[in-house]
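Inspection log for the structure reproduced underneath, given as structure tokens.
All of the numbers you see were taken from the coordinates with simple rules; none came from a lab. Values in this document were obtained by computation on a predicted structure and should not be read as measured data. All Cβ positions, even for glycine, are placed from backbone atoms using ideal geometry, and neighbour counts span all protein chains on display.
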Amino acid sequence: MNLPARFDVLLTGIHLATLEGADWGIVRDGAIAVTGDRIAWAGPESGLPAVPASRRLAFDGAWATPGLVDCHTHLVYAGNRASEFERRLRGATYEEIAREGGGIVSTVRATRAASEDALVEESRPRLAALAGEGATTVEVKSGYGLERTAELKQLAVARRLGAELRVDVRTTLLAAHAVPPEYEGRADAWIDTVCGDIVPAAARSGLADAVDAFCDRIGFTRDQTRRVFEAAREAGLPVKLHAEQLSDQDGAALAAEFGALSADHLEWLSPRGIGAMAAAGTVAVLLPGAYYALRETKLPPVDALRRAGVPIAVSTDCNPGTSPTTSPLLMLNMACTLFRLTPLEAVRGMTCVAAQALRLRDRGVLRAGMRADVAVYAVSEPAELAWRFGGNPCLGTLRGGVPCFAVEP
Ligand code: DI6
Ligand code: FE
């Protein structure tokens, strides 16, 4: 093993859930040493190499996990949808509100009207809240601009916030989220614009790492989604899909056909879709917050996904319409309580498997050589992370090697 002459940061007095292998990868009384933005050494403190450290953080029995990876969010938006929530409680459905020009399109109006600086201000607390519970990598989608400049504005805001808060932000163009008001009744014409103008512009600007679409009754058809995927392929960007959320459109199989990183939501996923995802290595991203907030009753086929060996990730889906949460830890709990994942599956789903859903091979487990993204929690065993709901035991994180702790140990 190549050890540096000095460690920049050394964490001691922690138990590790490395998530190496198929289990928790527990190392009691461990230590993590960091050089630059990489883990230089991780293991039992008794085996710590005798290398001096510039900065030492000595804990007293906290637990360290890989930094959380929130692989599906829409956290850059303006305004809120509290009044839509009230309407839904009085009986209106999400689909009805969308068809009347509310829902996603109401957030589009607010997001277009906000300046880039105003969007940064509105969105910062959301990214900070995710990071405050241990997230070190967060995917952020556009989809509330629905015109070229406003879509790029959202992506630029996401990147700015990532740089400011030292969270590794991955951006996804979601111009095929809804039909913008200017194109009402002309979904195909909007897809022409998305494919001919917005996807190429996003690729040229370097502001998008991937392309997503909403394939559903109130979103886009399978054929329209296919066209978006073809434009993404042409532009050299990987794809992912909001698939089978409200109905079965056979979207997951289409995503798999394009080698998608992930297919997300999946309550209505069919056996055919599962087989296609398994064959393509497409990750299933489960979003219990949206399931909960829409009071869905159709569960994603978790057992069938397990049997087929499809990797399962869990994410917040942070968005104003269907998952107005900024709590990744609450999602771990909901993934267990609502979807019957085990705490280990849920935590893996928000670390190593979520990293896989973003095709990031350098994070998601605690091991020398990986990015020094670490979350530290005041819990007495790692399953406690999924057991609790409503509290935040996170003491802080290392984000690319940089200690971010409210109170330095
Ligand atoms: N499915 C969702 O759950 C979010 N987008 C999507 O395609 C909801 C977005 C919103 O309602 O604002
Ligand atoms: Fe979403």
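Sorting THR342, THR73 by the number of Cβ atoms found within 10 Å of their own Cβ, with the fewest placed first, yields THR342, THR73. With both residues required to sit in the chain, DSSP beta bridges show an antiparallel share near 45%. Membrane-span-like helices in the chain, defined here as complete DSSP H runs extending at least 15 Å along the helix axis by their C-alpha atoms with mean Kyte-Doolittle hydropathy no lower than -0.5, are 116-132, 148-165; this is a sequence and geometry rule, not a statement about a membrane. Under a Gaussian network description of the chain, with springs only between Cα atoms under 10 Å, the residue in THR149, THR397, THR297 that fluctuates furthest is THR297. Residues whose amide H falls under 5 Å from that of ARG170, counting only those 5 or more places apart or on a different chain, are VAL138, GLU139, VAL140, with hydrogens built in the peptide plane. Summarising the strand pairing of the stretch 188-339, around 5 percent of its internal DSSP beta bridges are antiparallel.
Taking one quarter of the surface of the C-alpha convex hull of the stretch 139-264 gives a mean projected area of 7.0 nm². Among the GluC sites (Glu not before Pro) within the stretch 184-255, those in coil by DSSP and having at most 13 neighbouring Cβ atoms inside 10 Å are GLU184. Once Rg and the Kirkwood radius are both taken over the C-alpha atoms of the stretch 41-110, their ratio Rg/Rh works out to 1.39. Sites listed here are trypsin sites (Lys or Arg not before Pro) in the stretch 126-187 whose DSSP assignment is loop and whose Cβ has at most 14 other Cβ atoms within 10 Å: ARG186. Identify which of GLU147, GLU100, GLU296 has the largest mean-square fluctuation in a Gaussian network model of the chain, with springs joining Cα atoms closer than 10 Å. Comparing GLU147, GLU100, GLU296 in the GNM, the peak value goes to GLU100. Per-residue Karplus couplings for the stretch 313-319, computed as 6.51 cos²θ - 1.76 cosθ + 1.60 with θ equal to phi - 60°, are listed in order as 9, 10, 8, 7, 6, 2, 7 Hz, Gly and Pro entered as x. Using just its DSSP H runs of length 4 or more, each adding -39500 (n - 2.57), the chain gives a mean residue ellipticity at 222 nm of -10000 deg cm²/dmol after division by all residues. Taking a sphere under 14 Å around the Cβ of VAL27 and counting the other residues whose Cβ falls inside, with K and R at +1 and D and E at -1, yields a net charge of -3. Stretch SER380-ALA128 to full length: gain in nm at 0.36 nm per residue minus the Cα-Cα span? Taking SER380 through ALA128 to full extension adds about 88.2 nm, to one decimal. Figure legend: label point modelled 7 angstrom from the Cα of TRP387 along Cα→Cβ; residues of the stretch 335-353 with amide N under 12 Å from it are 343.
The rule of thumb for compact globular proteins, 2.2 N^0.38 Å, goes into the C-alpha radius of gyration of the stretch 255-401 1.04 times.
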